[in-house]
Amino acid sequence: MSTIDQPSTIEWVVSSSPHLRERETTSRIMWTVVLALAPAGIWAVWFFGWPALYVMALCVGSCMATEALVQKMSGRPVTISDGSAAVTGLLLAYCLHSHSVVAMADGTQKLILLKWYVPVIGSIAAIAIAKHCFGGLGHNIWNPALVGRAVVQLSFAKHVSLPQWPWPLGITAETATDAMTRATALAPSAGPYSVRELFIGTVPGCLGEVSAFFLLLGAVVLLFRKYIDWRLPLGYLLSLVVLATLFAWSPNDHLIPWVHDFAVQFKALRAGEVGVSAFGQSWLSFAARQIFAGGVILGAFYMATDMVTSPLSHKGQFVYGIGCGVLTALIRFYAGYPEGVCYSILIMNTLRPYVDRFTRPRVLGEMKE
């Protein structure tokens, strides 16, 4: 019998790429992100009390319920166990606060628990619209949690956009109404918060804004696991600080107090009234406040780095981060909105295909056009 007629004992399997497989799964990645976010959530619950847990539970529960309902209605397998909806819910909760401030008839202010429909509607918008209208996980063009935040920002401004933010009830020992609400570090009437207070998280604000320290702890885990690329947050923070410093060179008339103080120091340096050493200390404090105030840490390490909506190449990640930082600085200094993280990331989500196009690595052997 010829070799042609002999039966083959080797079975060849032909399949599509990728052929190199990792042990990582969507579920493992998502639940790791939840664990990375957990320290900041625990701090928020300790700092703001049980209302913080109430907001987180509403957001996470609503996101998971919406995902299950949409998948059931569309005849697809229910995949809430993969953790993606839980991550979206937790990030959305971190973009909200635990209380609202309402004005009373006698002119005083009163703290009330955040209305339940605010996180619920934000969660529905995040999952049903921003995620599943585009085909589900891996197909959305915008970060779902930020879309949910933008929806409630526009729909329930009186509950979300507050000139005064609730001071944590567990920290305040006084009962006067003026002690119950204080301005955030980015508000026009911001108090003299120190860098340490902003870093540790003893200031009023959203649940995910108050502690840069605990957010960075989780970010270290994600960087170590290589779930996020360090180039993107680096580009974000560098461009934000550099551009904010340049804007302080020629400030406008509506700066928040600590930015105005740095602008005065900048003017004194140009006039030769202060030394470089004293100005350097002032700049370091200014740069740290720009990074630790508001949602920059949450945005730079957890939202802008979303695997679905961020660029593919290393160069693209860095350019994308620079774009987020530039837009954040522009919004903070020249827009009517004191914080620019949410809209800067959403804008860069929209521009992401162009970033990928212009930063695409050349194929080996490809000629330059």
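None of the figures in this text is laboratory data; all of them are computed from the coordinates on show. Every value quoted in this text rests on a predicted model; they were computed, and no experiment measured them. Don't worry about glycine lacking a Cβ; one is built from the backbone with ideal geometry, like all the others, and counts go over all protein chains shown.
Numerical summary
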item	result
Summed side-chain charge close to T305 - residues other than T305 whose Cβ falls under 13 Å, Lys, Arg +1, Asp, Glu -1	+2
Ranked by how many other beta carbons lie within 10 Å on average, peptides 43-52, 133-142 from highest	43-52, 133-142
Sites Y117 and I80 - FRET efficiency at Förster radius 25 Å, r taken between beta-carbons, to 0.05	0.70
Modelled FRET efficiency - R0 25 Å, H139 with V242, Cβ distances, 0.05 increments	0.15
Local electrostatic count at L186 - Lys and Arg +1, Asp and Glu -1, tallied over other residues with Cβ under 11 Å	0
Relative packing of 219-230, 146-157, which averages over residues the other C-beta atoms within 10 Å, highest first	146-157, 219-230
Label point distance in nm, Y334-A157, each placed 7 Å from Cα along Cα→Cβ	2.2 nm
Gain on full stretching of the segment that runs from V276 to L69 - 0.36 nm per residue minus C-alpha separation	68.5 nm
Mean Cβ count within 10 Å, highest first, over the residues of peptides 259-265, 233-239, 281-287	233-239, 259-265, 281-287
Per-residue HN-Hα couplings for segment 117-130 [Karplus 6.51, -1.76, 1.60; θ = phi - 60°; Hz; x = Gly/Pro]	6, 5, x, 5, 5, x, 5, 4, 5, 5, 8, 6, 8, 6
Linear extension gain, S250 paired with S285, 0.36 nm per residue minus alpha-carbon span	10.7 nm
Environment charge of G316, counting only residues whose C-beta is closer than 11 Å and scoring Lys/Arg +1, Asp/Glu -1	+3
Given K158/K267; K72/K131; K131/K226, the pairs whose alpha carbons are separated by over 27 Å	K158/K267
Spin-label zone in segment 291-305 - amide nitrogen under 19 Å from a point set 7 Å from the Cα of V221 along the C-beta vector	297-305
